[in-house]
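Student: My structure is below; once you've seen it, I'll send some questions.
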Amino acid sequence: MQRRQFIHLSSLAAGAALLPGCAAISSLTTGPLIDRHVPKDYSGVVAVRKDARSTLVTHASGLALREEKQLVTKDTRFLIGSITKWISAVTVLRLVDMGKLDLDAPIGRHLPELPAANGAVTLRHLMSNRSGIPNGLAEALRKDRAVEKLEIGPVEAALRFGAGAPGAAPGERWDYSFTNWVLVAAVVERATKKTFTEVVEELVLAPAGVRDTSFAATGYEDEVGMAVAYGATGERKSPAVPPMVAASGTLYSTARDLVAIADSVYFTKLLSDKARKELSTVVVASEDYALGGKVKTVTTKKGARSLAWEAGAIGGYKSLLVYDPLEGRAVVLLNNTDMQQSEQARIATALFSSFDE
């Protein structure tokens with residue numbers, strides 16, 4: 001099987017410098033910490049860092065492409081699923097800082113074609129999954145799987161799938177719906193007059209200096225450097241990546257890049273203090289959910305820590321970024337064998353807490 005040469009969309013970021021004190025990123029020999037907590041049959045990448053001044057230690061194991069026995073390396077790219085939502089939220093908050101968007105303004109300002117009740121919801125409602133707008137895209141997919149092959153953008157998809165009569169008042173009910181994020185992307189496109197993917201590249205990925213993070217397109221499995229996802233019985237389990245759901249879950253990345261993005265969010269002036277607070281404030285307590293991702297409290301021997309807890313599942317790809325905004329402690333797990341997210345969470349918690357033992 002011949003794989004196509006990888007073409008990266010973030011060429012404008014290729015020369016960007018990493019944060020001072022965080023440039024020493026390498027795949028050091030696997031230490032006892034990872035050996036102790038990560039299963040020997042793990043397929044993917046595990047990375048740990050004690051704090052923002054320390055080296056990111058990266059361990060790669062398993063196969064990126066089973067058919068040709070291509071090994072996973074520290075630079076292998078994985079789809080990161082709903083971690084994309086967190087990066088989308090950072091993008092929106094940058095636009096809020098710039099005065100181009102308002103978290104609490106009706107989205108009908110930008111999408112006047114929507115029914116009045118739908119246009120009355122806000123970005124805050126959408127990004128905390130409490131809009132009350134039904135998941136029209138999911139319903140359409142249940143009726144016809146061919147919908148996932150539609151090559152339409154967020155605005156067209158928002159008007160087609162986000163116009164259903166609300167089932168609850170805005171802010172009243174939690175619903176983890178990717179139609180919410182189709183609407184978010186549509187608002188961004190209308191406000192900036194650019195594609196959503198271009199805005200993410202410009203406002204988040206380029207400033208973070210990442211080189212191996214961008215949006216997957218049809219045929220991504222065949223790109224050199226990309227892991228292929230597999231199910232429990234060995235079958236390929238790589239999902240479709242229609243452009244209309246870009247804000248919800250079609251980014252790919254590496255462990256190194258995910259930590260670099262988090263460093264940029266929490267240790268540079270990428271976001272204002274107010275925007276970082278919005279990103280870190282839980283809105284739905286029962287779900288530990290803030291805007292675009294979770295904030296969890298983990299108790300270690302040195303006390304409780306409030307962590308950015310960004311998990312993703314798409315097809316057979318499972319991913320998790322756990323990051324301490326105060327110290328820069330980080331744990332990343334990327335997997336291409338459809339492992340249980342609860343098992344990833346267990347491993348990440350053990351790795352994170354081990355530094356305090």
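All of the numbers you see were taken from the coordinates with simple rules; none came from a lab. Note that the structure is predicted; figures quoted are calculated from it, not measured. Because the Cβ atoms are built from the backbone with ideal geometry, glycine has one as well, and the counts that use them run over all protein chains shown.
Student: So what is the 222 nm mean residue ellipticity for the chain from helices alone, if each DSSP H run of at least 4 adds -39500 (n - 2.57) and you divide by all residues, rounding to the nearest 500 deg cm²/dmol? Mind dumping the intermediate values first?
Tutor: Values: 12 runs with 105 residues, N = 357.
Rounded to the nearest 500, the figure is -8000 deg cm²/dmol.
Student: A further question on this structure: What aspartates and glutamates could a cross-link reach from Lys85, if we take a straight Cα to Cα line under 13 Å and drop same-chain neighbours fewer than 8 places away?
Tutor: Of all the aspartates and glutamates, those that pass the test against Lys85 - Cα under 13 Å, at least 8 places apart if same chain - are Glu310.
Student: Per residue of region 128-140, in order, report the coupling 6.51 cos²θ - 1.76 cosθ + 1.60 (Karplus, θ = phi - 60°) as ³J(HN,Hα) in whole Hz, putting x for Gly and Pro.
Tutor: Using θ = phi - 60°, the values come out as 9, 6, 10, 6, x, 6, x, 7, x, 5, 4, 5, 5 Hz.
Student: Then there is this: Taking other Cβ within 10 Å of each residue's Cβ, how do Asp273, Asp97 sort, fewest first? Don't skip to the answer; put the middle values down first.
Tutor: Details: Asp273 8, Asp97 16.
Listing Asp273, Asp97 from fewest to most nearby Cβ atoms yields Asp273, Asp97.
Student: Let me check the size of region 204-248 from its C-alpha atoms; what are the radius of gyration and Dmax in Å?
Tutor: Both quantities, over Cα of region 204-248: 12.9, 40 Å.
Student: Tally the DSSP beta bridges in the chain and give the antiparallel ones as a percent, rounded to 5. The partial results should precede the final answer.
Tutor: Values: 41 of 45 bridges.
Taking every DSSP beta bridge within the chain, about 90 percent pair in antiparallel fashion.
Student: Among Asn180, Asn118, Asn336, which one shows the biggest mean-square fluctuation in a GNM of the chain, springs joining Cα atoms closer than 10 Å?
Tutor: Maximum fluctuation in the GNM of the chain, among the listed residues, is at Asn118.
Student: Would you list Glu198, Glu357 from fewest to most Cβ contacts within 10 Å?
Tutor: Details: Glu198 14, Glu357 8.
The order, fewest Cβ neighbours first, is Glu357, Glu198.
Student: In addition: I'd like to know how region 149-293 sits against the 2.2 N^0.38 Å rule of thumb: what's its Cα Rg over that expected value? Before the final figure, lay out each step's value.
Tutor: Numbers: Rg = 16.9 Å, N = 145, 2.2 N^0.38 = 14.6 Å.
Working it through for region 149-293, the quotient is 1.16.
Student: For a quick check of your reading of the filter: which trypsin sites (Lys or Arg not before Pro) in region 173-263 sit in a DSSP loop and have no more than 11 other Cβ atoms within 10 Å?
Tutor: Numbers: sites: Arg173, Arg190, Lys193, Lys194, Arg211, Arg236, Lys237, Arg256; in loops: Arg173, Lys193, Lys194, Arg211, Lys237.
The qualifying sites are Lys193.
Student: Here's something else I'd like to know. A 27 angstrom limit on the alpha carbon distance is what I want to check against. Which of Lys40/Lys237; Lys269/Lys301; Lys274/Lys318; Lys40/Lys302; Lys149/Lys193 exceed it?
Tutor: On the way: Lys40/Lys237 22 Å; Lys269/Lys301 31 Å; Lys274/Lys318 31 Å; Lys40/Lys302 29 Å; Lys149/Lys193 24 Å.
Distance filter (> 27 Å) returns Lys269/Lys301; Lys274/Lys318; Lys40/Lys302.
Student: Follow-up question, since we're still on this one. Taking a quarter of the surface of the Cα convex hull of region 187-226, what do you get in nm²? Could the numbers behind the result be given before it?
Tutor: On the way: hull surface 13.8 nm².
Seen from a random direction, the Cα hull of region 187-226 projects 3.5 nm² on average.
Student: Could you please tell me the mean projected area of the C-alpha convex hull for the chain, averaged over all directions and given in square nanometres to one decimal?
Tutor: On the way: hull surface 68.3 nm².
Spelled out: convex hull of the Cα atoms, projected over all directions, averaged, 17.1 nm².
Student: Another one. Mind checking which of Met127, Met226, Met98 has the largest fluctuation in a GNM of the chain, springs on alpha carbons under 10 Å?
Tutor: Of Met127, Met226, Met98, the Gaussian network model singles out Met98 as fluctuating most.
Student: Also, quick follow-up: Determine Rg/Rh for region 85-196; Rg is computed over alpha-carbon atoms and Rh is the Kirkwood hydrodynamic estimate from the same atoms. List each step's numbers first, then the result.
Tutor: Values: Rg = 13.1 Å, Rh = 13.9 Å.
Looking at region 85-196, the ratio lands at 0.94.
Student: Could you put Thr281, Thr254, Thr195 in order, starting from the residue whose Cβ has the fewest other Cβ atoms within 10 Å? Could you put the intermediate results ahead of the total?
Tutor: Numbers: Thr281 11, Thr254 25, Thr195 18.
Ordered by Cβ neighbours within 10 Å, fewest first: Thr281, Thr195, Thr254.
Student: First obtain the Kirkwood hydrodynamic radius of region 270-357 from its Cα pairs, then insert it into the Stokes-Einstein equation at 4 °C and 1.567 mPa s, and state the resulting D in µm² per second as a whole number. Don't skip to the answer; put the middle values down first.
Tutor: Numbers: Rh = 13.8 Å.
Diffusion coefficient, whole number: 94 µm²/s.
Student: Find the relative contact order for the chain and round it to a whole percent, using C-alpha pairs within less than 8 Å whose residues are 6+ positions apart. Walk me through the intermediate numbers first.
Tutor: On the way: 781 pairs, mean separation 88.6, N = 357.
That works out to 25 percent.
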